[in-house]
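The values are calculated or read from the model by the stated rules, or taken from the named source; none is laboratory data. What you are looking at is a predicted structure, and each value in this text was computed from that prediction instead of being measured. No Cβ is skipped: glycine too gets one built from the backbone with ideal geometry, and neighbour counts run over all protein chains shown. Quick note on the areas: whole protein, heavy atoms, side chains included, nothing else; ligands and nucleic acids left out. Shrake-Rupley method; radii C 1.70, N 1.55, O 1.52, S 1.80 Å.
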Amino acid sequence: MSFRFVHAADLHLDTPFLGLEELEPALATRLRDASLTALDRIVQKAIDVRASFVVFAGDIYDGAERGVRAQLRFKNALARLGEHGIRSFVAHGNHDPEGGRWTAVRQWPDSVTVFPPDRVVSTPLRVEDGREVTVHGISYGTRHTKENLALRFPVVPRDAGFHVAVLHCNVDSQEGHALYSPCTLDDLRGRGMAYWALGHVHSHKVLSREPWVVYPGNTQGRSVHVGERGLKGAVVVEVDAHGVQEVQRFATDTARFFELEVSLTDLHDFASVVDRL
């Protein structure tokens, strides 16, 4: 008896690639749809693996002034999941507190739960193997959220079903990321959840396996900065009667950024340097 779900975060839909626009306009044009393509790949993966649900752990949009294109693309993506019987759970983070300042979406599909910013909402659902799963989550109300939101989550008994917590936060002061909703690993362990679906840190990290505490990383790299380099994607979480058995990463990115070291010590003129590069 088993089921699976998909965990994604930091989609930054319609990210403008501002630095690239100035440095390499042609590449920026090619990447204009990259964040939206990443969303499509998440949806297709969830359908392919027959996921029970998908959780989106914050920063769905790149900013509070979210565009119509991004909003409608996200709504349509969640509607497609719903057509395949896949539930969606959405938390908003520091880039898109409360989902943004205005909305082009009048109503979300019935298969979608958008977590509010004022309280943790706990939503039960029954998955394919018949067991009850509860997904808990909360969104940011303001960009600069300094409260430890992890402490708002209920404490659940370890033997009381399978519980997933969705939170955009910084655990144990992850380097290179602002201290929004700062918390500790012990804070998370103390709530009794089986899996913490986190967002905010753009590098893929598994901070704990008892319970599972996972950053999937962002879905599309945006620059040559350290946290934006390499493969970007989301994860499929496999669960059996004993709990989480595997967290498998999959790629969603269109382009990847790397830092490469090139030796020039044996070159004697500028033309040779250009050729080597």
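The table below lists the values:
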| read-out | value |
| --- | --- |
| Solvent-accessible surface ranking, highest first, for H84, H163, H225 at 1.4 angstrom | H225, H84, H163 |
| Per residue value of the accessible surface for the chain (all protein chains in place, 1.4 Å probe), Å² | 47 |
| Neighbour-limited loop hits for GluC sites (Glu not before Pro), the range 231-277 (at most 11 other Cβ within 10 Å; DSSP other than H, G, I, E, B) | E259, E261 |
| Inter-part distance where the range 249-268 and the range 10-55 are each reduced to a Cα centre, Å | 20 |
| Accessible surface of D40 - all protein chains present, 1.4 Å probe, nearest 10 Å² | 60 |
| Dipole of the chain [Lys/Arg +1, Asp/Glu -1 at C-beta], most positive-end residue of L198, V164, S208 | V164 |
| Intensity falloff of the range 78-199 expressed as log10 I(q)/I(0), Debye formula with alpha-carbon point scatterers, at q = 0.12, 0.19 Å⁻¹ | -0.47, -1.08 |
| Share of carbon and sulfur in the accessible heavy-atom surface of the range 164-277 [1.4 Å probe, %] | 50 |
| Accessible surface ranking that places the most exposed of V68, V273 first, with a 1.4 angstrom probe | V68, V273 |
| Solvent-accessible surface (1.4 angstrom probe) belonging to S122, in square angstrom, nearest 10 | 60 |
| Identified option (computed semi-axes √(5λ) of the Cα gyration tensor in Å; candidates (i) 33, 21, 19; (ii) 36, 21, 18; (iii) 43, 21, 18) | (i) |
| Peptides ranked, highest mean first, by Cβ atoms within 10 Å: ranges 149-159, 227-237, 72-82 | 227-237, 72-82, 149-159 |
| Pairwise Cα inverse-distance average, inverted: Kirkwood Rh of the range 133-277 (Å) | 17.4 |
| Solvent exposure, largest accessible area first (probe 1.4 Å, DNA, RNA and ligands not counted), of T252, T142, T184 | T142, T184, T252 |
